[in-house]
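See structure below.
The values are calculated or read from the model by the stated rules, or taken from the named source; none is laboratory data. From a predicted model like this one, the values you see are computed outputs, not experimental measurements. Cβ placement follows ideal geometry from the backbone for every residue including glycine, while neighbour counts extend to all protein chains displayed. These accessible areas exclude ligands, DNA and RNA; they are computed on the full protein's heavy atoms, side chains included. Shrake-Rupley method; radii C 1.70, N 1.55, O 1.52, S 1.80 Å.
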Amino acid sequence: MDMGASCYRRYLDGEQEAFTELINLYHDNLIFFINRYVGSLSAAEEIAEDCFVALIIHPHRYNFSVSLKTYLFTIARNKSCDYLKHQKRVGNIDDAENYINAGEIEQLENKIIIDERKRHILNVIDTLNEDYRNVIYLVFFEELSNEETSKVMKKNRRQIENLIYRAKAALKSKLEKEGFSYED
Amino acid sequence: MKTNEEFKQSVLDKSRTIITHRRQVRKRVMTSLSTLSVIVILMSGVYIAINNNYNSQNDNTVITTAEAEAEVNDHQEIEDMLPTQIAGESCTVTLSGIYVNVSSDSENYSEMITDEAAVKRLTEWVNQLVSDNKNIDKSTFVITVHNNEGDNVIYLPDEKAFFNEFKDVIN
């Protein structure tokens, strides 16, 4: 059982403090992940809250067969997609807010990605298409396995492997264009 | 951006609100369901009462009998048949007389009435009674009509009215 799942187990057994540990464990990464989907920090924060609310009000839905991180990121992805669909219908009114929050996003990025090299790569990753971006982020930054990534992205394992291969190739080509040097 | 503590508080508040809302909705649904079930029970009670009342009103106003026990359910058929036979005018059956048999708690009386005028008058009276479709209580009073095809038993509601009407005929 991973650390998140054991925290959640303790929370379900009545230890309220375990929920704080859960939030400390996944709060930043989850918001950062959602923000990459929805492109709005405040919306990402709201959605992340909803993910944790889902843990409280539907405790029976998580059966401890996958890691809690995978489960949370799956909820986050689904909720982000719902949010984007909704935004398409009602129109996006968060542009001004995004501008204001640009500094905060950078702050969050600094918190999560301490390594300067990784941050530079992340900036290049942002120029890739959505599936490539997400698969690279989940596998190389969140360090989820291919199996776990396939669950989050609702694709099969083979598709994930292909996506990783193509995403790495696309990333390599972009990095080379920018004159980025790396070891083989 | 919220701090972890603010974030946690916000999550807890949200979940509390959702849980409270769900409880209220569940409570409202349960109340509606119980109200609905009470209405259904009342409606079925009313239906049963109306149905019983209808059945009791139509329950063998006139009963034909060879043995004075067999009940005939088809009320309309008896009603159609009986007055014609009793009147003795428009059918070939010869009316031999009316046997008045009173068997109630207070009275125990029986007599054969053969006087033609009395039979006719009595027949008209009975016919009127049947056509008025009065609430006839079969436990109170019985008239047996004799003819050559068998007996017909008519249950009358009010024996006093009968005796007042026919005190000159019945001894």
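Packing around the peptides A:58-71, A:145-158, B:41-54, taken as the average count of other Cβ atoms within 10 Å per residue, puts them in this order, highest first: A:145-158, A:58-71, B:41-54.
Here the calculated FRET efficiency for A:Lys177 and A:Asn78, from their Cβ-Cβ distance with R0 = 22 Å, stands at 0.05, rounded to the nearest 0.05. For the pair B:Ile41 and B:Asn55 in one chain, pulling the backbone fully straight at 0.36 nm per residue adds 3.0 nm over the alpha carbon distance.
Taking the accessible area of region A:1-49, probe 1.4 Å, and keeping the other protein chains in place, the carbon and sulfur fraction comes to 47%. A straight Cα-to-Cα reach below 25 Å connects B:Lys167 with the lysines B:Lys120, B:Lys134, B:Lys138, residues fewer than 8 places away in its own chain not being considered. If r is the Cβ-Cβ distance from A:Val66 to A:Asn24 and R0 is 22 Å, what FRET efficiency results, to the nearest 0.05? Calculated transfer efficiency: 0.60. Pairs over the 18 Å Cα-Cα cut-off, from the set A:Lys118/A:Lys172; A:Lys69/B:Lys2; A:Lys118/A:Lys174; A:Lys88/A:Lys154: A:Lys69/B:Lys2; A:Lys88/A:Lys154.
Among the GluC sites (Glu not before Pro) in region A:1-98, those placed in a DSSP loop whose Cβ has at most 13 other Cβ atoms within 10 Å are A:Glu15. Take each residue in B:13-20, count the other chain C-beta atoms within 10 Å of its C-beta, and the mean is 4.
Other protein chain C-beta atoms within 10 Å of residue C-beta, averaged over A:44-53: 4. FRET efficiency for the pair A:Glu15 and B:Val25, taken as 1/(1 + (r/R0)^6) with r the Cβ-Cβ distance and R0 = 35 Å, rounds to 0.75.
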